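Structure first, commentary second.
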Protein chains: 4
Amino acid sequence: MADIDRINDLAHLGHHGIYTPRLQETVDYFVNLMGMDVIHEDGETVYLRCFGDYEVWGLKITRREQPGLEYVGWRTKSSAALARRVEWLEANGHAGRWVDDEYATGPMYEFLDPDGHAFRLYWETEKYVAPEGKKPAIPTNFQAYVGRGANVRHVDHVNLLARDVRAQREFWEDGFGLRTYEIILTEDGEGEVGAWMSSTIQGHELIYTQDQSRTGSGRLHHFAYIVDQREEVLRAADIMSDARIYIEVGPSKHTAIQGFYLYTREPGGNRIEVAHAGYFWFNPDSEPYIWTMEEWRTKPGWGMKTPPEFNTYGTPDVE
Amino acid sequence: MADIDRINDLAHLGHHGIYTPRLQETVDYFVNLMGMDVIHEDGETVYLRCFGDYEVWGLKITRREQPGLEYVGWRTKSSAALARRVEWLEANGHAGRWVDDEYATGPMYEFLDPDGHAFRLYWETEKYVAPEGKKPAIPTNFQAYVGRGANVRHVDHVNLLARDVRAQREFWEDGFGLRTYEIILTEDGEGEVGAWMSSTIQGHELIYTQDQSRTGSGRLHHFAYIVDQREEVLRAADIMSDARIYIEVGPSKHTAIQGFYLYTREPGGNRIEVAHAGYFWFNPDSEPYIWTMEEWRTKPGWGMKTPPEFNTYGTPDVE
Amino acid sequence: MADIDRINDLAHLGHHGIYTPRLQETVDYFVNLMGMDVIHEDGETVYLRCFGDYEVWGLKITRREQPGLEYVGWRTKSSAALARRVEWLEANGHAGRWVDDEYATGPMYEFLDPDGHAFRLYWETEKYVAPEGKKPAIPTNFQAYVGRGANVRHVDHVNLLARDVRAQREFWEDGFGLRTYEIILTEDGEGEVGAWMSSTIQGHELIYTQDQSRTGSGRLHHFAYIVDQREEVLRAADIMSDARIYIEVGPSKHTAIQGFYLYTREPGGNRIEVAHAGYFWFNPDSEPYIWTMEEWRTKPGWGMKTPPEFNTYGTPDVE
Amino acid sequence: MADIDRINDLAHLGHHGIYTPRLQETVDYFVNLMGMDVIHEDGETVYLRCFGDYEVWGLKITRREQPGLEYVGWRTKSSAALARRVEWLEANGHAGRWVDDEYATGPMYEFLDPDGHAFRLYWETEKYVAPEGKKPAIPTNFQAYVGRGANVRHVDHVNLLARDVRAQREFWEDGFGLRTYEIILTEDGEGEVGAWMSSTIQGHELIYTQDQSRTGSGRLHHFAYIVDQREEVLRAADIMSDARIYIEVGPSKHTAIQGFYLYTREPGGNRIEVAHAGYFWFNPDSEPYIWTMEEWRTKPGWGMKTPPEFNTYGTPDVE
């Protein structure tokens, strides 16, 4: 059992960026169907926020030929925490660079995980101040309730594809103290096809699953945005279905982390999840639950079978 | 027990009209916060529909100095049923007149209940055909899911104020075969302060409660619009609260009929409910449950205590 | 459009009987997992009730070598209504016989539908009077809330298998005035593979789907019991899954009638559904929605694909 | 803003003990109505667990003349974390003693907060291993779903009464790094009447509100147990109401932390909450939201008004 003093420097998954070849349709999807608001535009880039974001914005969308991930942000717990993580990165062969030209946020240290996904660590950020007409009744909220479309509250987690899941997992455990709650082994038990990690009691903030393509790297599986109740995932399915958005799978319940999900594709091609939670994990000394492929295939619990594309499709779509 | 062949001529509560002194604000409330769509405008009158209305429209809003009820519609089960009810009205001293100039609906027989509320019976009506962009995925729906605000599906019931509740109840039982599911007696047990009636297995379509004013007649207590799940009544409270709409009472559960409710006032002053159901009643030979005032005051079950204004306020607000 | 005075003699789907080869396990399933109470036992027969049944009991379970249907009951709207329906049956070649030896219910007229399923019409029935400890707080309830397992409120509908779905549908429309809300045609458009019928505004009380066996008749597809919220169907899946009950499909949403469902098999082999509703249908003059097999296969809306056994398995399992 | 490295030694609120004068009735309440299981008995003490507890038990109930709190447990994040906190306590005048005779748990360091409530810190604990018949389908669960009564998952938070709320708050902030999310000031703005604190992203684990009695100390306001969905709080109200348990207030939504609540009294007199969440707080550098009494009285948002006893009653009931 893990009787250790764990690194504790990451506060939460923060703002993040995606690419889309169809900027306007993608923005419309996030605004009208997911329930976000546009907060800033800058050329071919649009910044959006969920009503539950305490920062000015959470999602940055930029036009590009292929859809995919620009970066994943983590806010640190303090400026000292940020300095410590940068120090670790530079001491361990993962040196990156400071980026300081983003809208409404401070300097960010950008680096790559072993599979080539860009991440940004930051401490300074601008807090959202709701203008008249957006002020919430209860002052501990950040913005008035949106009540439009899926009405997502804020980002919940990100799932990235990687050639070597284990290498990714060890990178985040060693360098950032992320806890891994679940792992799925490869058929032969030698490798890993999935790992669910978190910096908090949430069952997942950062997921890696195996990239089955021959040539892809740094690819995105999906971003998930949270709603407050399972019922809202069901509502989201009505909304997406009637808007003729492609529903890949769901609403149903995952066995890993046990979240309640709905996966659609935004018009630019990125897979987006409307999620209700999953478990919270309080035990500080548990080991990850390790699924053999054999046990995983029997899929205990209930829920839909995910289609094959769920395991193969990512953005950019390399094959 | 009621071993009788009941009159069975009313299909359902149909389209209906209200007055408001603040037309634009009232329409905005129903569109942005309740989730209806404007379908037609004609001078100082606006016609709206819920996404679950099979008729072209359900709610007619007209500017007038005072808020209140224009009329309550009932659709009959057939043209013969309509003829039978008109015959009964005319034979029993409740003769009205034919109205045939309303948007997208056929001839209506308008008459007054004993307290002076206007009602309209009609058989012919125009069915909604969703245009491109509003077509639902499932063809048994009438329109694409709205997913905006409280997202009400259609009207559920109307509550009218009346000086003599018993006279109202007997009028509808005798003339239309409505079933009464619950009655509250006055303190002395001689009169009635409330009666819950329906033409179907729904616990209530038409409610009368006592008008405590000295001079009012034909007044409206509230219209209720239904949502699919109790969770949506809770969501509606967040929406209304953040929009700074006055919440009179709720969300909570009624003892009578056991519906889950949220009462707000639309900007024109009419009380409007977001409702989840209440019970369905299948037993054909039950008598109404009769509450003595003493039993009623102890309020079995759980739920908020309604404020005094819930028993006195109606539109127009005569005192 | 249907501008007719419809027959209106059936109040609701009433008590009903099933067979099981494993009496104790079947009863345990209904009590511990579905949330019913045993109300009476008589040799190899056990009578159960849901907390929302106004009659003394709703489900009769009898030991027999093969699982399947004993009978489906309909309560009529009056004694005259019962007499009328018996008269019609006898005048139209469907004469049955009076049965008068059932626990806590009056005389029942038992007859067969064209496929050979037994039905019983009855007017007289015994009302449940809750003993101390089962009395509900609100007197319009019939029994205290059970809060155990799936916590089903009462029966919602029954689905029977039949060789000739159209013959079944016409029998119930012609003889009993049931309304048909949806029909699925066979591949060639000549026949029908499914019909959803009701005596009320509920989207379904009685369903027929095609019996694909060569030799079966009078077979049961499933009985469905209702819960108040979609959330409770999801909870039921957790309960059934952890109790190692076989989940055939669900939780998910049907395209036909749009109910939210969970199908399990009780230990005796009968398919049982935990259901949340489906739509209510208020329009009195609509025609049934007719699905061609081609349109049906594209399955608009969202939801799980039902497995092949959903279309073939029934009780008794003849092949 | 709080740009600091916070103490991070507490993992979560852990097992806890209460007293009751009516042991059997209290246990029956927690088993039949709250959905817990008895796991061990020892003379006048009964140990219970929720299905979501990873430890063997979570709630200890002991017979005593007066109801009230025995102790609140915190599990630490490591053995080193435990040692650090004991060191701090002893260095700061809060020395306690080691207790090592509790069922299925390791040595606990027991000490008093400034108001005299007993707390226990522990690292070693026994993990629950579900026996046959209680094994969950999904191995990351600890036990099969209970599906009985309110079906609570595990403890969520505890609310203690204290004469000097500020002294309590500073004790936990200084000694344990708890974050305070909300504070209510006294009328004159000099003192505090409420403080909501947590060791995690949950809005509250430990609450202090003012003890308005003249002589009480170390008193309990309530323990709260969590359910997964708001809908389950509503269900719990039906269960409690029909079981004739006193409902003090709810179901409704709190303004502070925004949890959805139902407060009942268990038969021994302790106030117990069925709770859905409240917000999660991700921002690491926010200050607590400070309510003046004037702002607090206007109660933004929606929800029931709590009755006066909610502010005065605690256990033991000293006046």
Query raised in the report: Has region D:135-148 got any residue that is within 17 Å of the chain's Cα centre (by Cα), in contact (Cβ under 8 Å) with a residue 24 or more places away in the chain and under 24 Å from D:Q202 (Cα atoms)?
Result: no
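Scan region A:208-226 and give yes if some residue there is without any contact (Cβ under 8 Å) to a residue 40 or more places away in the chain and away from chain B (no Cβ under 14 Å), otherwise no. Don't jump to the end; show me each part of the working.
Of the residues in region A:208-226, the ones without any contact (Cβ under 8 Å) to a residue 40 or more places away in the chain are none.
No, region A:208-226 contains no residue that is without any contact (Cβ under 8 Å) to a residue 40 or more places away in the chain and away from chain B (no Cβ under 14 Å).
Could you check region A:117-134 and list, in sequence order, the residues that are part of a loop (DSSP other than H, G, I, E, B), open to solvent by less than 20 Å² (accessible area, probe 1.4 Å) and touching a residue at least 24 places away in the same chain (Cβ under 8 Å)?
Just the residues of region A:117-134 that are part of a loop (DSSP other than H, G, I, E, B), to begin with: A:117, A:123-124, A:126, A:128-134.
Okay, now just the ones that are also open to solvent by less than 20 Å² (accessible area, probe 1.4 Å), so A:117, A:130.
Selection gives A:H117 alone.
Among the residues of region B:11-34, are any buried (at least 17 other Cβ atoms within 10 Å of the Cβ), assigned to a loop (DSSP other than H, G, I, E, B) and more than 9 Å from chain C (Cβ to nearest Cβ)?
We begin by selecting, within region B:11-34, every residue buried (at least 17 other Cβ atoms within 10 Å of the Cβ); these are B:11-20, B:23, B:26-27, B:29-31, B:33-34.
The next check asks that each one be assigned to a loop (DSSP other than H, G, I, E, B); those that pass are B:34.
Then drop every residue that is not more than 9 Å from chain C (Cβ to nearest Cβ), which leaves B:34.
Taking every residue of region B:11-34 in turn, at least one turns out to be buried (at least 17 other Cβ atoms within 10 Å of the Cβ), assigned to a loop (DSSP other than H, G, I, E, B) and more than 9 Å from chain C (Cβ to nearest Cβ).
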Report summary line: Matching residues in region D:6-57 (at pLDDT 95 or above, charged (D, E, K, R) and under 30 Å from A:K77 (Cα atoms)) number 3
Query raised in the report: Which of the following residues is under 26 Å from C:I39 (Cβ atoms) and in contact with a Lys or Arg (Cβ under 6 Å, 6 or more places away or on another chain): C:L121, C:L82?
Result: C:L121
Requested in this report: Could you check how many residues of region D:176-203 are free of Cβ contacts under 8 Å to residues at least 60 places away in the same chain and in a loop (DSSP other than H, G, I, E, B)?
Outcome: 3
Requested in this report: Please work out which residue is most open to solvent (accessible area, probe 1.4 Å), limiting yourself to region D:76-86 and to residues that are part of a helix (DSSP H, G or I) and not small (G, A, S).
Outcome: D:R84
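Table: residues versus (1) under 23 Å from D:A236 (Cα atoms); (2) β-branched (V, I, T); (3) without any contact (Cβ under 8 Å) to a residue 12 or more places away in the chain.
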position: B:A237; (1), (2), (3): yes, no, no
position: B:V249; (1), (2), (3): yes, yes, no
position: B:A256; (1), (2), (3): yes, no, no
position: B:T264; (1), (2), (3): no, yes, no
position: B:G268; (1), (2), (3): no, no, no
position: B:M304; (1), (2), (3): yes, no, no
position: B:G314; (1), (2), (3): no, no, no
position: B:E319; (1), (2), (3): no, no, no
Requested in this report: Give just the number: which of (1) within 14 Å of chain D (Cβ to nearest Cβ); (2) of a type in the set (K, R); (3) out of contact with any helix residue (DSSP H, G or I) (no Cβ under 7 Å at 6 or more places or on another chain) does C:K305 not satisfy?
Outcome: (1)
Query raised in the report: Out of (1) modelled with pLDDT of 95 or more; (2) small (G, A, S); (3) surrounded by fewer than 20 Cβ atoms within 10 Å (Cβ to Cβ), what's the single condition that is false for B:A162?
Result: (3)
Query raised in the report: Out of curiosity, is A:R219 of a type in the set (K, R) and over 26 Å from A:F119 (Cβ atoms)?
Result: no
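Residue check: is D:D156 modelled with pLDDT under 95 and more than 14 Å from chain C (Cβ to nearest Cβ)?
Details: modelled with pLDDT under 95: no; more than 14 Å from chain C (Cβ to nearest Cβ): yes.
Considered against the rule, which asks whether it is modelled with pLDDT under 95 and more than 14 Å from chain C (Cβ to nearest Cβ), D:D156 comes out as no.
Looking at B:R64, is it within 21 Å of the chain's Cα centre (by Cα), open to solvent by less than 20 Å² (accessible area, probe 1.4 Å) and of a type in the set (K, R)? Break it down stepwise before answering.
On the way: within 21 Å of the chain's Cα centre (by Cα): yes; open to solvent by less than 20 Å² (accessible area, probe 1.4 Å): no; of a type in the set (K, R): yes.
The answer is no for B:R64.
For region C:239-256, what are the residues that are among the β-branched types (V, I, T) and more than 14 Å from chain D (Cβ to nearest Cβ)?
From region C:239-256, those among the β-branched types (V, I, T) are C:239, C:245, C:247, C:249, C:255; that's our starting set.
Residues satisfying the conditions are C:V249, C:T255.
Taking D:A150, is it part of a loop (DSSP other than H, G, I, E, B), surrounded by fewer than 18 Cβ atoms within 10 Å (Cβ to Cβ) and among the small types (G, A, S)?
Details: part of a loop (DSSP other than H, G, I, E, B): yes; surrounded by fewer than 18 Cβ atoms within 10 Å (Cβ to Cβ): no; among the small types (G, A, S): yes.
The answer is no for D:A150.
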Report task. Considering each residue of region B:52-75, count those that are within 13 Å of chain C (Cβ to nearest Cβ) and not in a loop (DSSP other than H, G, I, E, B), and give that number. Result -> 4
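Are there any helices (runs of 4 or more DSSP H) wholly within region A:204-319 with 1 or more residues that are surrounded by fewer than 19 Cβ atoms within 10 Å (Cβ to Cβ), and if so which?
Hits in region A:204-319: A:293-298, A:308-312.
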Query - Check on C:L48, of a type in the set (A, V, I, L, M), without any contact (Cβ under 8 Å) to a residue 60 or more places away in the chain and touching a Phe, Trp or Tyr at 6+ places or on another chain (Cβ under 8 Å) - result: yes
Report task. Quick one: in region C:88-108, of everything that is closer than 26 Å to B:T200 by Cα and more than 14 Å from chain B (Cβ to nearest Cβ), which residue is surrounded by the fewest Cβ atoms within 10 Å (Cβ to Cβ)? Result -> C:W88
Query - Given (1) closer than 21 Å to D:G14 by Cβ; (2) under 17 Å from the mean Cα position of the chain (by Cα); (3) not charged (D, E, K, R); (4) not in a loop (DSSP other than H, G, I, E, B), index of the condition D:F171 fails - result: (2)
Query raised in the report: What is the residue count in region B:174-194 for residues that are within 14 Å of chain C (Cβ to nearest Cβ) and within 23 Å of B:F260 (Cβ to Cβ)?
Result: 7
Report task. Select from region A:87-116 the residues that are closer than 25 Å to A:Y47 by Cβ and not in a strand (DSSP E or B) and list them in ascending order. Result -> A:G96, A:D100, A:D101, A:E102, A:Y103, A:A104, A:G106, A:P107, A:D113, A:G116
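This table checks each residue for (1) in contact with a Leu (Cβ under 6 Å, 6 or more places away or on another chain); (2) within 11 Å of chain D (Cβ to nearest Cβ).
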position	(1), (2)
C:K134	no, yes
C:I138	no, yes
C:F142	no, no
C:G147	no, yes
C:A162	no, no
C:R169	no, no
C:W172	yes, no
Requested in this report: Kindly establish whether A:A137 is out of contact with any strand residue (DSSP E or B) (no Cβ under 6 Å at 6 or more places or on another chain), open to solvent by 10 Å² or more (accessible area, probe 1.4 Å) and part of a loop (DSSP other than H, G, I, E, B).
Outcome: yes
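Does A:R271 satisfy the criteria of being more than 25 Å from A:T312 (Cβ to Cβ), touching a helix residue (DSSP H, G or I) at 6+ places or on another chain (Cβ under 9 Å) and of a type in the set (K, R)? Outline the logic, then answer.
Working: more than 25 Å from A:T312 (Cβ to Cβ): no; touching a helix residue (DSSP H, G or I) at 6+ places or on another chain (Cβ under 9 Å): yes; of a type in the set (K, R): yes.
It is false that A:R271 is more than 25 Å from A:T312 (Cβ to Cβ), touching a helix residue (DSSP H, G or I) at 6+ places or on another chain (Cβ under 9 Å) and of a type in the set (K, R).
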Report task. Go through (1) closer than 30 Å to C:A144 by Cβ; (2) hydroxyl-bearing (S, T, Y); (3) part of a strand (DSSP E or B) one by one and return the number of the condition D:Y145 breaks. Result -> (3)
Report task. Report whether or not C:R214 is basic (K, R) and at pLDDT below 95. Result -> yes
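The values are calculated or read from the model by the stated rules, or taken from the named source; none is laboratory data. Just so it is clear, the model here is predicted, and its values are computed rather than measured. Don't worry about glycine lacking a Cβ; one is built from the backbone with ideal geometry, like all the others, and counts go over all protein chains shown. Note: areas computed on protein heavy atoms with side chains; ligands, DNA, RNA excluded. Shrake-Rupley method; radii C 1.70, N 1.55, O 1.52, S 1.80 Å.
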